[in-house]
Amino acid sequence: MTSGWALSEGIEPTDELLDLIKEVSSVSILAGAGAGKTEFLAQKANYLLQTGICPWPKRILCLSTKKEAQVNIKERIMKRCGATGNRFDSYTFDAFCKSIVDRFKNVLPVKDRPDKGYDIEFEQKNSNGKDKISFNDIRTLAIRIIKTRPDIAKIFSVSYSHVFVDEFQDTRFDQYELLKLLFQNNNTVMNAVGDINQSIMLWADASPTVFNDFRRDFSAKDKFLLKNYRSSNEIQDVLTCFVNFIQSSNSSITVNKKPKNCSIHVYNNEYEEADNLVQKLNGMIDSGINEKEICVLTKQQSSLYTSVLRDKLTQVGINNLDMTELQDALKEPLGKFFACLFRIYTDKSHSSYNEFCELYLELNNVVRGDEQESKLINKISDLISMYKLEIDEDPSVDCILSKINKILKFIGWSKFISKWGQYKSKLFRDKLWNKLESHLRYTIDITNSLPEASKMFVAENCIHIMNIHKSKGLEYKVVIFLGVEDQAFWKYSSENFEDKCAIYVALSRAKQEIIISTSRHRSFRCNARRDDSISNYKKVKEIYDFLLKNCLFTLTKYEK
């Protein structure tokens, strides 16, 4: 039954990969940076669905820590599998827990049961356990429901023949407890995929022993996925070397050859830093590198660490966006509808129109070729065309926002709420809308034309700026890692696994070039209460020492 199956486009058919795809037991997969973890999951799902190993009506469940990872894997599955991809359920852990609570909350005592139509609170202090619930509460309630009624777990184990857990190293203690309650000691095959050297979410209660626990609790085999499809050979060499540093700061392993495109730059202040980096970035863009292929990463507080650099980039006409807060908004279904409509209204974008139609059909549970397709698409297309003519007459920000809002009202919030549970919260909807509106106003204000603004809205024509933890799964030709100083790595020590992993994540986003930038002085760290503007390097010295002595980075110091 499996003999006629072959890998679809998107990944190199190595023996290592094919062995993993066809593995029938539960597995713990340790993958290297750039090894194609997400594409592997897409190909594995394609194999299970197309060959009938996951037979109808069985389904595959995929759980991710982050929203962007959840969206990415679902999109790849639909591309690989077509209609059979509808039997692939992709959730974030939080969304999955929420679905359990929403379906089965009535098994809880009335006094502990959240209200119907409760709002999600992102800060625990705002939760009251009734009409305002935090995600910590959601996870706790989901676990309590399964413990109260173990028979509910049977529903999930019967429904799902296979479970994928992406970015497994970031799994929290409570999330792992839920996995055990639902899928331990039954016939569900578990695939846990992650990189132990990217475990940067220990601050979020991720379990540092989760791989060992998984092997024990699910009798899982150890497998490896190591080939790097992302980075150049010299950066792969650096990453391999740095893995040894994560394991031991005293590692004597060195790179095979001095990398030409890996460097450290030490500036006197953030203004000198900005001037020099902008000069470098201008040269890169002039050489043909697209702005969106460049990323500036910081350990934390990206808006503060890059403020001077961003101002300088804007002054010289280089578009840039801080994606740290924006990324999640653009990945939301509302964010996608919003972006498509902005592009359709202001630019001749066939791809945005096609994406809008796909989203609209998905929202209405209609597939391509269905008899309802033409009626749905024609009606809303006529409305969009009418509003586009009105925008041509009045291309103001307020007019564009008004027409986006009118289309969304025509679609109906009730459909959003029915399809995506997070939109039950009016507070969530309002916050998301305000963020998207503010971003749209900014892009129009900062660019010279509406078509350029619509591209910048989705970060197509600008340098990306973000904190490290938002960069996982992304890749860029050039990565500038800015602010490697004690003040940013204030918890760093030789034993601090989390911070070492964060550095690895930053380095492994790069395909061609890594620039590490530090400034001896940063003005934003000085305020009325404390002057911490002088950068300290006592904690991070061993990082620089290893990159210079073992990874053979080139060092440039700018004289005082």
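The values are calculated or read from the model by the stated rules, or taken from the named source; none is laboratory data. In this text, all values refer to a predicted model and were calculated from it rather than measured experimentally. Glycine gets a Cβ as well: all are built from the backbone with ideal geometry, and neighbour counts include every protein chain shown.
Laid out as a table, the results:
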{"item": "Subset tally (residues that are in a helix (DSSP H, G or I), closer than 19 Å to residue 415 by Cα and not hydroxyl-bearing (Ser, Thr, Tyr)) for the stretch 333-377", "result": "21"}
{"item": "Which listed residue, of 74, 79, 98, is in the same structural domain as residue 187 (by TED's automatic domain parsing), in a helix (DSSP H, G or I), at pLDDT 90 or above and basic (Lys, Arg)", "result": "98"}
{"item": "Residue ID - surrounded by the fewest Cβ atoms within 10 Å (Cβ to Cβ), chosen from residues in the stretch 145-158 that are within 24 Å of residue 23 (Cα to Cα) and touching a Leu at 6+ places or on another chain (Cβ under 8 Å)", "result": "157"}
{"item": "Subset of the stretch 95-119 (residues that are within 17 Å of residue 419 (Cβ to Cβ), in contact (Cβ under 8 Å) with a residue 12 or more places away in the chain and surrounded by fewer than 22 Cβ atoms within 10 Å (Cβ to Cβ))", "result": "95, 99, 102, 117"}
{"item": "Count of residues meeting criterion [of a type outside the set (D, E, K, R) and either closer than 15 Å to residue 276 by Cα or in a helix (DSSP H, G or I) (or both)] in the stretch 295-317", "result": "13"}
{"item": "The stretch 282-300 - residue that is buried (at least 18 other Cβ atoms within 10 Å of the Cβ) and under 14 Å from residue 322 (Cα atoms) and, of those, farthest from the chain's Cα centre (by Cα)", "result": "291"}
{"item": "Breaking point among (1) under 24 Å from the mean Cα position of the chain (by Cα); (2) outside any helix (DSSP H, G or I); (3) within 16 Å of residue 242 (Cβ to Cβ), for residue 551", "result": "(1)"}
{"item": "Exclusive hit being over 30 Å from residue 367 (Cβ atoms) and in the same structural domain as residue 25 (by TED's automatic domain parsing), set 114, 57", "result": "114"}
{"item": "Test for residue 125: is it free of Cβ contacts under 8 Å to residues at least 24 places away in the same chain and farther than 29 Å from residue 52 by Cβ", "result": "yes"}
{"item": "Some residue of the stretch 418-429 being closer than 30 Å to residue 133 by Cα, among the polar types (S, T, N, Q) and part of a helix (DSSP H, G or I)", "result": "yes"}
{"item": "Test result for residue 495, modelled with pLDDT of 90 or more and either in a loop (DSSP other than H, G, I, E, B) or farther than 28 Å from residue 477 by Cβ (or both)", "result": "no"}
{"item": "Every residue from the stretch 111-144 that is aliphatic (A, V, I, L, M), out of contact with any Phe, Trp or Tyr (no Cβ under 7 Å at 6 or more places or on another chain) and at pLDDT below 90", "result": "none"}
{"item": "Matching residues in the stretch 388-416 - criterion: being over 30 Å from the mean Cα position of the chain (by Cα) and outside any helix (DSSP H, G or I)", "result": "394, 395, 396"}
{"item": "The stretch 72-88, residues that are crowded, with 17+ Cβ neighbours inside 10 Å and without any contact (Cβ under 8 Å) to a residue 40 or more places away in the chain", "result": "74, 77, 78, 81, 84, 87"}
{"item": "Candidates 426, 379, 403 - the one that is in contact with an Asp or Glu (Cβ under 8 Å, 6 or more places away or on another chain), of a type outside the set (Gly, Ala, Ser), exposed (fewer than 14 other Cβ atoms within 10 Å of the Cβ) and not assigned by TED's automatic domain parsing to the domain that holds residue 90", "result": "426"}
{"item": "Answer residue from the stretch 46-71, given it is small (Gly, Ala, Ser) and more than 18 Å from residue 187 (Cβ to Cβ) and is surrounded by the fewest Cβ atoms within 10 Å (Cβ to Cβ) among those", "result": "69"}
{"item": "Filter result for the condition that a residue is outside any loop (DSSP other than H, G, I, E, B) and either of a type in the set (Gly, Ala, Ser) or crowded, with 19+ Cβ neighbours inside 10 Å (or both), over 546, 524", "result": "546"}
{"item": "Boolean, residue 469 is out of contact with any helix residue (DSSP H, G or I) (no Cβ under 6 Å at 6 or more places or on another chain), part of a helix (DSSP H, G or I) and over 21 Å from residue 541 (Cβ atoms)", "result": "yes"}
{"item": "Answer from 463, 444, 468 - the residue that is over 27 Å from residue 347 (Cβ atoms) and surrounded by 21 or more Cβ atoms within 10 Å (Cβ to Cβ)", "result": "468"}
{"item": "Of residues in the stretch 260-281 being assigned to a strand (DSSP E or B) and β-branched (Val, Ile, Thr), the one surrounded by the most Cβ atoms within 10 Å (Cβ to Cβ)", "result": "264"}
